[in-house]
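> Got a structure for you, questions after.
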Amino acid sequence: MKDKSIVPTNRERVMRDNDFIVSKTDLSGRITYGNEIFIEFSGYSEAELLGTQHNIIRHPDMPRAAFNLVWDTLKSGREIFAYVKNMSKDGSFYWVFAHITPDFGPRGDIVGYYSVRRCPRRSAIDKIVPVYQQMLAAEKAAGSKDAIAAGTKVLTDLLQSSGMSYEQLVLSL
């Protein structure tokens, strides 16, 4: 579980263009694999990561509704692309463009999840930050019980006004 004593800083760590962060989780989101670049950017050792919930790297600037969308999509058996702000063990942050997919077993059932993250374009981050800020503000205003619904409404309203699906929006950034 995430260490609540870690204080976010304004120090950004920028992925290199050819970096790929790879991780694998079980059905409940516990990390079962992380490559060297994941270990490097997270700031945790492999031993600290394995068996830990993937939200150990969740940055508080990320709206809960964004992760709800990710989990709902994955549990339905579909892949998802997303821009995600992660937090390292030292409180610094790093942005990723994530491609997350279900891992199917031999009988076609979902047995876990893979995530491959690469360096996002700065222009995409500049466009997604205000969306996440609006979603987060709506979540805070709604309170814990209704936070996800409030954040989701901000995103749904944006998609309806733009005439795009979530995937179209993310891939257009």
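The values are calculated or read from the model by the stated rules, or taken from the named source; none is laboratory data. The structure presented is a predicted model; accordingly, all values stated were derived computationally and were not measured. Every residue, glycine as well, gets a Cβ built from its backbone with ideal geometry; the counts of neighbours run over all protein chains shown. These area figures cover heavy atoms from the full protein model, side chains too; ligands, DNA and RNA do not enter into them. Shrake-Rupley method; radii C 1.70, N 1.55, O 1.52, S 1.80 Å.
> Quick one: W95 ticks every box in (1) within 13 Å of the chain's Cα centre (by Cα); (2) within 16 Å of Y114 (Cα to Cα); (3) open to solvent by 10 Å² or more (accessible area, probe 1.4 Å) bar one, so which box is it?
Among (1) within 13 Å of the chain's Cα centre (by Cα); (2) within 16 Å of Y114 (Cα to Cα); (3) open to solvent by 10 Å² or more (accessible area, probe 1.4 Å), the lone unmet condition for W95 is (2).
> Which pairs do you get when a residue that is touching a residue at least 40 places away in the same chain (Cβ under 8 Å) and farther than 15 Å from E12 by Cβ, found in the stretch 107-134, comes within reach of a residue that is part of a helix (DSSP H, G or I) and among the charged types (D, E, K, R), reach meaning Cβ atoms under 7 angstrom, with the pair 6+ apart or on two chains?
If the second residue must be part of a helix (DSSP H, G or I) and among the charged types (D, E, K, R), no pairs are left.
> May I pose another question? Take A66 and tell me if it is of a type in the set (A, V, I, L, M), closer than 22 Å to L27 by Cβ and assigned to a strand (DSSP E or B).
no
> Still on this structure, I have one more. Check off (1) over 21 Å from N68 (Cβ atoms); (2) open to solvent by less than 30 Å² (accessible area, probe 1.4 Å) for G108 and give me the number that stays unchecked.
Going through (1) over 21 Å from N68 (Cβ atoms); (2) open to solvent by less than 30 Å² (accessible area, probe 1.4 Å) one by one, G108 breaks only (2).
> Filter the stretch 30-64 for residues that are aliphatic (A, V, I, L, M) and within 15 Å of the chain's Cα centre (by Cα); which is farthest from D90 (Cα to Cα)?
So, considering only residues that are aliphatic (A, V, I, L, M) and within 15 Å of the chain's Cα centre (by Cα), the one farthest from D90 (Cα to Cα) is I31.
> Just give me the residues in the stretch 16-60 being free of Cβ contacts under 8 Å to residues at least 12 places away in the same chain and in contact with an Asp or Glu (Cβ under 7 Å, 6 or more places away or on another chain), in sequence order.
Correct list: I39 only.
> Within the stretch 43-60, take every residue that is of a type outside the set (V, I, T) and within 30 Å of A150 (Cα to Cα) and give me the one that is surrounded by the most Cβ atoms within 10 Å (Cβ to Cβ).
Residue satisfying both the conditions and the ranking: H54.
> Which ones in the stretch 4-29 are more than 18 Å from the chain's Cα centre (by Cα) and among the small types (G, A, S)?
Across the stretch 4-29, the qualifying residue is only S5.
> So which residues in the stretch 1-39 are open to solvent by 60 Å² or more (accessible area, probe 1.4 Å), in a loop (DSSP other than H, G, I, E, B) and hydroxyl-bearing (S, T, Y)?
Once the filter is applied, which keeps residues that are open to solvent by 60 Å² or more (accessible area, probe 1.4 Å), in a loop (DSSP other than H, G, I, E, B) and hydroxyl-bearing (S, T, Y), the stretch 1-39 yields only S5.
Yes/no matrix, rows are residues, columns are (1) part of a helix (DSSP H, G or I); (2) open to solvent by less than 30 Å² (accessible area, probe 1.4 Å); (3) farther than 15 Å from V170 by Cβ:
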| site | (1), (2), (3) |
| --- | --- |
| F41 | yes, yes, yes |
| M62 | no, yes, no |
| W71 | yes, no, yes |
| N86 | no, yes, yes |
| H99 | no, no, no |
| A124 | yes, yes, no |
| K127 | yes, no, no |
| E139 | yes, yes, yes |
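> Quick one: E167 ticks every box in (1) of a type in the set (D, E); (2) in contact with a strand residue (DSSP E or B) (Cβ under 8 Å, 6 or more places away or on another chain); (3) open to solvent by less than 40 Å² (accessible area, probe 1.4 Å); (4) part of a helix (DSSP H, G or I) except a single one, so which number is it?
E167 satisfies all of (1) of a type in the set (D, E); (2) in contact with a strand residue (DSSP E or B) (Cβ under 8 Å, 6 or more places away or on another chain); (3) open to solvent by less than 40 Å² (accessible area, probe 1.4 Å); (4) part of a helix (DSSP H, G or I) except (3).
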